[in-house]
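Undergrad: Mind having a look at this structure? Questions to follow.
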Amino acid sequence: MNAPYLILWVIVGLIFLAGLLAVLGASRYRALNLRIGAFTCDLRKGRQTGKDPRRFVPGVACYGVGRLDWFTAWSLSPVAAKSWPRETFEVLNREPASGRRGEYLVSCRSNGTYFDLLMSSSAYAGLASWLEAAPSLSPEII
């Protein structure tokens, strides 16, 4: 086989592999969004101070049994990138996101870790309801 044909086949193979990875990533993202209890939610780790250049990472959050799982949008991993237990999840602040109509910037804490979530107003309403519906942790007898 000539060298030019070998280079051509390598290039074609790389293009095919890149296309396959793009299709797999897009199908995973779609499958995550079709789950019951899933919503689009961007994550920013840590506390925002002044003009901190940290960016939001796009993702999908999904309610689990006693936890909120967050998956990175463009990844092939079937495992959640972050998972926060319901009993330690706290919403510290909620404010309209600047420059984004109908979205909220929600400051949160879980197990001493601070982070921000960017979500739609309906996703925030679902999150607030999910947190308020948590069973009481006190062992009171009715």
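Undergrad: Looking only at region 126-137, filter to residues that are assigned to a loop (DSSP other than H, G, I, E, B) and without any contact (Cβ under 8 Å) to a residue 40 or more places away in the chain; which one of those is farthest from Trp70 (Cα to Cα)?
TA: Filtering region 126-137 for residues that are assigned to a loop (DSSP other than H, G, I, E, B) and without any contact (Cβ under 8 Å) to a residue 40 or more places away in the chain, the one farthest from Trp70 (Cα to Cα) comes out as Ser136.
Undergrad: Can you say whether Ser107 is outside any strand (DSSP E or B), under 16 Å from the mean Cα position of the chain (by Cα), touching a residue at least 12 places away in the same chain (Cβ under 8 Å) and over 17 Å from Ala134 (Cα atoms), as far as the supplied structure shows? Walk me through how you get there before you give the answer.
TA: On the way: outside any strand (DSSP E or B): no; under 16 Å from the mean Cα position of the chain (by Cα): yes; touching a residue at least 12 places away in the same chain (Cβ under 8 Å): yes; over 17 Å from Ala134 (Cα atoms): yes.
Considered against the rule, which asks whether it is outside any strand (DSSP E or B), under 16 Å from the mean Cα position of the chain (by Cα), touching a residue at least 12 places away in the same chain (Cβ under 8 Å) and over 17 Å from Ala134 (Cα atoms), Ser107 comes out as no.
Undergrad: Here's something else I'd like to know. Quick one: would you say Ala123 is small (Gly, Ala, Ser), buried (at least 16 other Cβ atoms within 10 Å of the Cβ), at pLDDT 90 or above and not in a strand (DSSP E or B)? Break it down into steps so the answer makes sense when it comes.
TA: Details: small (Gly, Ala, Ser): yes; buried (at least 16 other Cβ atoms within 10 Å of the Cβ): yes; at pLDDT 90 or above: yes; not in a strand (DSSP E or B): yes.
Here the answer is yes, as Ala123 does meet what is asked.
Undergrad: Those residues that are touching a helix residue (DSSP H, G or I) at 6+ places or on another chain (Cβ under 7 Å) and assigned to a loop (DSSP other than H, G, I, E, B), I need them from region 76-104; list them, please.
TA: Passing the criteria: Leu76, Phe89, Gly102.
Undergrad: Can you spot a residue in region 17-26 that is out of contact with any Gly (no Cβ under 6 Å at 6 or more places or on another chain) and under 21 Å from Phe56 (Cβ atoms)?
TA: Step one: of region 17-26, the residues out of contact with any Gly (no Cβ under 6 Å at 6 or more places or on another chain) are 17-26.
Applying the additional criterion that residues be under 21 Å from Phe56 (Cβ atoms) yields 25-26.
Yes.
Undergrad: Pick from Ala73, Ala31: which is farther than 23 Å from Asn111 by Cβ and free of Cβ contacts under 8 Å to residues at least 12 places away in the same chain?
TA: Ala31
Undergrad: Mind checking whether some residue in region 55-70 is surrounded by fewer than 17 Cβ atoms within 10 Å (Cβ to Cβ), more than 14 Å from the chain's Cα centre (by Cα), part of a loop (DSSP other than H, G, I, E, B) and modelled with pLDDT under 85?
TA: Checked against the condition, which is being surrounded by fewer than 17 Cβ atoms within 10 Å (Cβ to Cβ), more than 14 Å from the chain's Cα centre (by Cα), part of a loop (DSSP other than H, G, I, E, B) and modelled with pLDDT under 85, region 55-70 yields at least one hit.
The values are calculated or read from the model by the stated rules, or taken from the named source; none is laboratory data. None of these values were measured; they are calculated from a predicted model. For neighbour counting, all protein chains shown are included, and Cβ atoms are generated from backbone atoms with ideal geometry for every residue, glycine included.
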